[in-house]
Amino acid sequence: MHLGVCYYPEQWPQDQWAGDARRMVELGISRVRIAEFAWGRMEPEPGRYTWAWLDSAIDVLAQAGLKVILGTPTATPPKWLVDLHPEILPVAQNGTRLNFGSRRHYDISSPVYREYCAQIVTAMVRRYGTHPAVIAWQTDNELGCHDTVPSYTGAARERFQDWLAVRYGEVAGLNAAWGNVFWSMEYRSFNEVGLPNLTPTDANPSHWLDFRRFMSSEVASFHALQGALIREGSPGRDLLHNFMGFFTSFDHYELAQTGLDVAAWDSYPLPRTEVLWFDETDKHRWARSGHPDIPAFNHDLYRGVGRGRMWVMEQQVGPVNWAPHNPVPKAGMARLWTWEAFAHGAELVSYFRWRQAPFAQEQMHSGINAPDDRLTAGGYEIGRVAAELADFDRTAVGWTGPAQVAVLFDYPADWMVQIQRHGADFDYQKIVFEWYSCLRAMGLDVDILPVSADLTGYRLVLAPTLPVVPESLVAQIKAGDAHWLFGPRTGSKTPDFAIPATLPPGPLQSVLALRVAQSESLRPSLRPRVTLDGVEGQGLCWRDHVEAGEGVEVEARFDDGVPALVRSGRVRLATACFDPVLLRAVIARSVREAGIDVVSLPDGVRLRRLGRVCFAFNYGDEVWHAAVPDGTRFLLGGAELGAAEVAAWVETS
């Protein structure tokens, strides 16, 4: 449980650095991330390095007792590099070439750019790889941010063609997999295959899917290029990347497999609430706290990406600059977000940033200190967290094992939905989040895992929607004793993006004997009704019309007779998206039958267990009283939990 901060020494006078470092330590900070945007200061001209300022910055931080996380500066290539090689600039989906003047102005597929990246990373590693204060390296910064992945350059096209040749071997295989006989789209060679943008109407969905797979592999290989250089020259240091919340342009599990010690992510609960799918009522309600499941969802997702190791590399402290509206957080939220991250297994919470910049693009983005160097309200809360951490009994936590419930999250599933949404309001991430949120409202801990994960030991596994069902997953269903709940569109596609020969749910039919005869996307005015366990609700957005086979029980039907919930043994399928009340009833039935106890929580209160310690977080405005036995040992707070408050106690059973 370490506290950190993002610091930019190149942006401040050098005579200020020592005072900054001293004040960081006094506040309780022990880790500092630097250098991820400073390429122009490190290499102001091709091949001419100026290390003196960075040498001094690292030494000043080290002398104060701080440990350093070095970021490779490849998110911001300097002007001289763009002028020397304008071909490294990215091209957007609409064919527009993007310019220098902000960040992420590079094509991840450019071999020229990769060569220059390797040079700067190699130079940094040679200089600082064995420095005792350097404990970790971050590759680049927020890969793919600002819609810079996928990239639509000539270099991307050439590498895509090579990737396809490796994948299919013969172009006939590609033509068959993509169904290119349709609309006379057949290719004679891989060199004829272009990128799927700028077509008069929809491009082939299989073309799009393979392009998304290719671009995901490009991101992974770009990270791997840097990671290999860091591993060689800086052994024993953690290697990480700072991912973003609700971001699926590439498969994060794939990147992690190329070499990643820690999955870090950047947590901005308020602006994320503003830009996601929530209606105006929810956006208003959670405007100053963030939706209570936004941080938790990403903590659990990235803990899975990092195979148990997760950091928060950028934690919001106050109002930011990039959402449509940027309110000041409710008093206490910076502290709450920090403790919640630790409760979900974060080893480090690092705040963005040490001092608010009074210049350039992010001058309206607050930090621990205001531009006049006084602590902000969030800065004072960080000091409180540091004091609490000093007294927190970590020995009370004990061993932390897996949760009882797992939710499957699949990046290609999101790509498929985006490519062929079929219903304007069908949003993969929204559906997964709503299912997750139901579990959290029941007081349950959740692990978010890839489809390829070993799910042995879980009592309940949920797949809110899973277009491609791998045979390996079906094998786990047959071999295990867990309960399973699948959502609509499950098993609706093959890996080549075609309808299965036996119709959906494809391979799942061997454990759930039914066929989806037809599917419909429901306009907002079409809301078929259904009742389950005394709860009446509606189907929304999407509905699969299923025909149940032998051994399949229809547990609920819509008012027009179409099955809404079916099961066979331990496997259930929800055929539609449901309104929140009905969705909770559906999930609650599976939770009960899996033998999992739930807690009745008011809206806005969430629990999370870390070993033997149970944490409670109140995002709401009403006081909540924890139902704990007399004599319960509290490590934080008490049984009465006010707005934006945190409590933690040792569970005895």
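Nothing in this text is a laboratory measurement; each read-out follows from the coordinates by a stated rule. Computed from a prediction, not measured in an experiment: that's the story for all the values here. Cβ sites come from the backbone with ideal geometry, for glycine too, and all protein chains shown count toward neighbours.
Across the chain, the fraction of Cα-Cα pairs farther apart than 34 Å, rounded to a whole number, is 47%.
Shown for the chain: cysteine residues without a partner Cβ closer than 4.7 Å, namely 6, 117, 145, 438, 614. One chain, two ends: residue 321 and residue 625. Fully extended at 0.36 nm per residue, the span grows by 105.8 nm beyond their Cα-Cα distance.
Packing around the peptides 510-516, 221-227, taken as the average count of other Cβ atoms within 10 Å per residue, puts them in this order, highest first: 221-227, 510-516.
Evaluated over the chain, the count of Lys pairs having alpha-carbon atoms less than 30 Å apart is 6 (only pairs 8 or more residues apart or interchain).
Of the residues 189, 136, 116, the one whose Cα sits farthest toward the positive end of the charge dipole of the range 116-222, with +1 on the Cβ of Lys and Arg and -1 on the Cβ of Asp and Glu, is 136. Extending 7 Å from the Cα toward the beta-carbon at both residue 632 and residue 502 defines two label points whose distance is 4.9 nm. The modelled label-to-label distance for the pair residue 361/residue 393, using points 7 Å beyond Cα in the direction of Cβ, is 4.8 nm. A Stokes-Einstein calculation at 20 °C with viscosity 1.002 mPa s, built on the Kirkwood radius of the range 299-367 over Cα pairs, returns a diffusion coefficient of 163 µm²/s. Seen from a random direction on average, the alpha-carbon convex hull of the range 384-509 projects onto 10.6 square nanometres.
Using just its DSSP H runs of length 4 or more, each adding -39500 (n - 2.57), the chain gives a mean residue ellipticity at 222 nm of -9500 deg cm²/dmol after division by all residues.
As an equivalent ellipsoid, the range 405-593 spans semi-axes of 21, 20, 17 angstrom, where each value is the square root of five times an eigenvalue of the C-alpha gyration tensor, largest first. With Cα atoms defining each centre, the range 57-106 and the range 244-275 are spaced 19 Å apart in the structure. Let me test this: with uniform point scatterers at the alpha carbons of the range 453-509, what is the Debye-based log₁₀ I(q)/I(0) at q = 0.16, 0.24 1/Å? Each listed q corresponds, in turn, to -0.47, -0.95.
Packing, taken as the mean count of other beta carbons within 10 Å per residue, orders the peptides 194-204, 606-616 from highest to lowest as 606-616, 194-204. Around the Cα centre of the chain, unit charges on the Cβ atoms of Lys, Arg, Asp and Glu (plus for the first two, minus for the last two) sum to a dipole of about 460 debye.
Binning the alpha carbon pair distances of the range 198-327 at 10 angstrom intervals from zero yields the distribution 12, 33, 28, 23, 5, 0, expressed in whole percent. Projected over every direction and averaged, the convex hull enclosing the alpha-carbon atoms of the range 605-650 yields 2.8 nm². Candidates 155, 571, 534 compared by Cα position along the dipole of the chain: farthest toward the positive end lies 155, with charges placed on Cβ.
With the highest mean first, a sort of the peptides 28-38, 570-580 on other beta-carbon atoms found within 10 angstrom per residue produces 570-580, 28-38. Between the listed residues 625, 614, 644, the Cα displaced farthest toward the positive end of the dipole of the range 605-650, a dipole computed from Cβ unit charges relative to the Cα centre, is found at 614. Hey, with R₀ at 22 Å, roughly what FRET efficiency would residue 420 and residue 478 work out to, going by the Cβ-Cβ distance, to 0.05? The value I calculate is 0.15. Think of each Lys and Arg Cβ as +1 and each Asp and Glu Cβ as -1; about the Cα centre, that makes the dipole of the range 405-593 roughly 160 debye.
Under a model in which nothing but the beta-carbon of Lys, Arg (+1) and Asp, Glu (-1) is charged, the range 171-238 shows a dipole of about 140 debye around its Cα centre.
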